[in-house]
Amino acid sequence: MSWMSTDVLLAIAVGVLKAIVILLAAVLSGAFLTVVERRLLGLWQDRYGPNRVGIFGSAQLIADMIKIFFKEDWIPPFADRKLFVLAPAIAFASLLLSFLIIPITPTWGVADLNIGILFFFAMAGINVYAVLFGGYASANKYALIGAMRASAQTLSYEVFMGLSLMGIVAMTGSFNMRDIVNGQEGLWFIVPQFFGFLTFLIAGVAVTHRAPFDQPEAEQEIADGYHVEYSSMKFGMFFIGEYVGIVLVSALLTTLFLGGWHGPLLPPIVWFLLKTAFFIMLFILARAALPRPRYDRVMQFGWKFCLPLTLINLLVTGVVVLLTA
Amino acid sequence: MEIAFYLAGLVAIVATFRVITHTNAVHALLYLIISLMAVAVVFYSLGAPFAAALEVIVYAGAIMVLFVFVVMMLNLGNQTAHQERSWLAPRIWVGPSIMAALLLGVLVFSFWHGGSIGTISGEELGAKEVGTRMFGPYILAVELAAMLLLAALITASHIGRNDEPQLERDMNEREQRVPAGNDEGGRA
């Protein structure tokens, strides 16, 4: 083991430490969002929200966690046990793994993969199984309908989610996230790739099943959909997983379209966090402000409007890139 | 990288074996997904990260979802598990297995004596190289695949076409269903 000098070992240790910090930050921000969202929804809908525990409801998270940990962990006797347990783990892990590719500052970030964005698409593809298996294993009509809706919706929206980013890939000539961030030093990609930005935003909301694309878990119609049979921490993993998804898509939007850590005056980490927080607020505002459209309209909007738009965007980008090259 | 290759290859073989031997259709599909992901790791260890990513996105992330979807819709109960079990009786698989094992033996033997076995160097083949090859020497294959996909697209949109307005169609279906009785199950 001659190649394992102390320098290499030190670099590995620092890298692992950074990865753990990023992991914890992602999980904790996801957990805190559950409370932040309810407070903000209250603010925007002209009511209080949870404001009783701690100062301005700041300790609500602890109360929620204690409650969710001590609930009975109930697996229905008619459920498919293996898949039932596996589903929330997939939901949580696949989204958390995607944080691997996000470059937070010039020196911080877990992995510098050449396939960058493709890794996120792969993880988003795996994430579909969480909902699908969760719905199937529950052996419940509502859960099955929710799982069907979720998988059909996610598959449809993933098609143009991939295409919406290909404009950026064509402009930078790389899938690597760091190359993409460095390619935005002069001009953020939100300007030349505005339609790519819009479609990726929509697809990101749809893939994380957030309002107004939360038909898979529409509580008024199908009683919370695929996780209706889940309780205790298994439900908690689906629940926190959804918020981790919001953080992830916001961080991706920041990296891909708003120039990542680039910005004047403030240090890179502050810029990254500010931009990510902005998109998270946008997610919550969308939930507060928009009603839920009908399911077939959602599918039609995806296939008949967003997909052609991304194709035209990619075509025009390709022409421009070829002409200016 | 060589260790990763052999480990992933082993996982792929075991998982694929379980796909065949498992009696629960959805669990079998779960093993198939694992097998596809193991194949992706095999690609990665061979130095083709682009192919590995596409393997997960396209096969594990999209095609297998549709497989699971269809199996879920069929809602196969315990009856099919019994059926599967009866199909896995030794007298059915022993014959083909012996023949396949013979072929495998011949293949391994010829590899053993063939000499020119490539080594795993872990050299990376990026997306750009794949793209230039695809639209260079292999352009004909890409065009043919595109034509095949176009044909599939036209077929799918023809089957999914719906000329009558929704309400009228529902009425017609209801009228047809009443006299036809139990015929529907046979057709499906």
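The values are calculated or read from the model by the stated rules, or taken from the named source; none is laboratory data. Everything quoted here is computed from the prediction, not taken from an experiment. Quick reminder, even Gly has a Cβ in these numbers, built from the backbone with ideal geometry, and neighbours come from all protein chains shown. For accessibility, only protein heavy atoms count, side chains too; no ligands or nucleic acids. Shrake-Rupley method; radii C 1.70, N 1.55, O 1.52, S 1.80 Å.
Given a 1.4 Å probe and no ligands, DNA or RNA in the count, how much accessible surface is buried by B and A, both sides, to the nearest 100 Å²?
Rounded to the nearest hundred, the buried surface is 2000 Å².
Classify the protein assembly as shown from the C-alpha gyration tensor, please: rounded if a/c falls under 1.5, else prolate or oblate depending on whether a/b exceeds b/c.
Details: a/c = 1.34, a/b = 1.08, b/c = 1.24.
It comes out rounded by the Cα gyration axes.
What helices does chain A have that are whole DSSP H segments, at least 18 Å long along their own axis by Cα, and with mean Kyte-Doolittle hydropathy of 1.6 or more?
Sorted by number, the helices that extend far enough and score high enough are A:6-44, A:81-97, A:116-137, A:194-207, A:268-289, A:307-324.
Can you sort B:Val70, A:Val244 by 1.4 Å-probe accessible area, starting with the largest?
B:Val70, A:Val244
Keeping all protein chains in place and using 1.4 angstrom, which order do A:Ser151, A:Ser231 fall into by accessible surface area, from largest down? Display every interim value, and only then the final one.
Numbers: A:Ser151 0, A:Ser231 30 Å².
Of A:Ser151, A:Ser231, the descending order of accessible area is A:Ser231, A:Ser151.
Looking at the stretch B:48-72, which residues lose a minimum of 50 Å² of accessible area between their chain alone and all protein chains in place, measuring with a 1.4 Å probe and not counting ligands or nucleic acids?
Output list: B:Ile57, B:Val65, B:Phe69, B:Met72.
Mind scanning A:Lys18/A:Lys234; A:Lys141/A:Lys304; A:Lys82/A:Lys304; A:Lys18/A:Lys275; A:Lys141/A:Lys275; A:Lys18/A:Lys82 and naming the pairs with a C-alpha gap bigger than 31 Å?
A:Lys82/A:Lys304; A:Lys141/A:Lys275; A:Lys18/A:Lys82
Take the alpha carbon gyration tensor of the stretch A:1-113, find the square roots of its eigenvalues, order them as a ≥ b ≥ c, and report rounded if a/c is under 1.5; if not, report prolate when a/b exceeds b/c, else oblate.
On the way: a/c = 2.63, a/b = 1.49, b/c = 1.76.
Since a/c reaches 1.5 but b/c is at least a/b, the shape of the stretch A:1-113 is classed as oblate.
For A:Val191, tell me the accessible area in Å² from a 1.4 Å probe, rounded to the nearest 10.
90
Only loop residues by DSSP count here, and only those with at most 16 other Cβ atoms within 10 Å; note down the trypsin sites (Lys or Arg not before Pro) in the stretch A:1-107 that meet that.
Sparse-neighbourhood loop trypsin sites (Lys or Arg not before Pro): A:Arg47, A:Arg52, A:Lys71.
Any idea of the accessible area per residue across the protein assembly as shown, 1.4 Å probe, to the nearest Å²?
Numbers: 29080 Å² over 513 residues.
It amounts to 57 Å² per residue over the protein assembly as shown.
Would you kindly state how much longer the chain becomes between B:Asn162 and B:Glu129 on full extension, computed as 0.36 nm times their sequence separation minus their alpha carbon distance, in nm to one decimal?
Here the segment from B:Asn162 to B:Glu129 would lengthen by 7.5 nm.
Got a number for carbon plus sulfur as a percent of the stretch A:1-80's accessible area, 1.4 Å probe?
Using a 1.4 Å probe with all protein chains present, the stretch A:1-80 comes out at 72 percent carbon and sulfur.
Working out 0.36 nm times the residue gap between B:Tyr6 and B:Tyr138, then minus their Cα-Cα distance, what length gain in nm do you get to one decimal?
Taking 0.36 nm per residue and subtracting the Cα distance, the gain is 44.5 nm.
Relative to the present Cα-Cα distance, how much length would full extension add between A:Met65 and A:Leu322 at 0.36 nm per residue of separation?
Using 0.36 nm per residue and subtracting the Cα-Cα distance, I get 87.1 nm.
How would the stretch A:257-325 be classified by its alpha-carbon gyration tensor: rounded, prolate or oblate, with rounded meaning a/c under 1.5 and the a/b versus b/c comparison settling the rest?
Note, shape of the stretch A:257-325 comes out oblate.
Solvent-accessible area of B:Ile13, probe 1.4 Å, all protein chains present, reported in Å² to the nearest ten, please.
Surface accessible to solvent at B:Ile13 totals approximately 120 Å².
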